[in-house]
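First the structure, in the form of structure tokens, and then the observations on it.
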Amino acid sequence: MKPKSNTLFHFTKSIEFLRGILLNGIQPRYCLEDSRWLSMKHNYIAYPMSCFCDIPLSRISEHTAFYGNYGIGLTKDWGLKNKLCPVIYTPPDSSVTKLTDYLFDLWGKEGKEKSSVATNDMIYQMISLIKPLEGNMIIAGAPVEKAFYQESEWRFVPMNGSMLLENDFANFRDQENTRMEQYSLQICPDDIKYLFVKSDHEIPELVDFINTDTKLGHFPHNSLKILTTRILSLDGVSEDL
């Protein structure tokens, strides 16, 4: 079994969200990240991100059980062109953890002095790609334990985003998510290797959407026809994974 896939997968909770991705791309959104592994005072911080994984299809069911039964599989060429980057996973007290602590401290000093926008931007880009091996994710307002390193995560973090500390998250998340809409990752049919729905009966619904929505009409007709052949139901393939 391959340890990695040649495809980058992104999963979501509903077919409506999947249709939105086909129309508008994948929008970076602010997500709280567990920061208890660092020496900072905040348990969580947030960055805007679009998240993917390159786990093999044989492991996809454990991923969809957590993130949702609707998804898209995109070529790694698309991911590299859009500057996606694999996440760096680090154990406690490692050199990477110590470096991240140092960068956070530097970010705080630079933010107060306003002396180097470029330095702050580079620190933000770097630390937004570092995660602990294990930690909590906030799901529906509650922490859920997760082994992050098993996810083989790739992510896109816009250069013009910023960090939100835990006590600012609720107040500024919506306006910052709106600001991030301009950085949505655009997708064309030729970038897509898979489209996943939960059940067989949803396949015709997605086929009809692809064939009739006028916002997809600017793509070549043959590309859209091929795209409809790439729809799979997770219920249909689960017995063979």
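The values are calculated or read from the model by the stated rules, or taken from the named source; none is laboratory data. Predicted, not measured: the structure shown is a model, and the values here were computed from it. Neighbour counts run over all protein chains shown; Cβ positions are idealised from the backbone, glycine included. Protein only, heavy atoms only, side chains kept; ligands, DNA and RNA dropped before computing areas. Shrake-Rupley method; radii C 1.70, N 1.55, O 1.52, S 1.80 Å.
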query = Out of (1) at pLDDT 95 or above; (2) exposed (fewer than 15 other Cβ atoms within 10 Å of the Cβ); (3) farther than 18 Å from G135 by Cα, what's the single condition that is false for F11?
reply = (2)
ask   = Residues in region 159-178: is at least one assigned to a strand (DSSP E or B), in contact with a helix residue (DSSP H, G or I) (Cβ under 8 Å, 6 or more places away or on another chain) and over 23 Å from I55 (Cα atoms)?
value = yes
ask   = Among the residues of region 144-202, which ones are β-branched (V, I, T) and either farther than 23 Å from L18 by Cβ or surrounded by fewer than 15 Cβ atoms within 10 Å (Cβ to Cβ) (or both)?
value = V144, T178
F169 being modelled with pLDDT under 95 and closer than 18 Å to L32 by Cβ = yes
query = In region 17-42, which residues are open to solvent by 30 Å² or more (accessible area, probe 1.4 Å), modelled with pLDDT of 90 or more and within 30 Å of E166 (Cβ to Cβ)?
reply = F17, N24, Q27, R29, C31, L32, R36, W37
ask   = loosely packed, with under 13 Cβ neighbours inside 10 Å, over 23 Å from Q182 (Cα atoms) and out of contact with any strand residue (DSSP E or B) (no Cβ under 6 Å at 6 or more places or on another chain) - does that describe any residue in region 67-86?
value = no
query = If you check I21 against the conditions, is it touching a His at 6+ places or on another chain (Cβ under 8 Å), touching a residue at least 12 places away in the same chain (Cβ under 8 Å) and assigned to a loop (DSSP other than H, G, I, E, B)?
reply = no
query = Any residue at all in region 31-54 that is part of a helix (DSSP H, G or I) and among the aliphatic types (A, V, I, L, M)?
reply = no
Test for E205: is it assigned to a helix (DSSP H, G or I), surrounded by fewer than 17 Cβ atoms within 10 Å (Cβ to Cβ) and among the acidic types (D, E) = yes
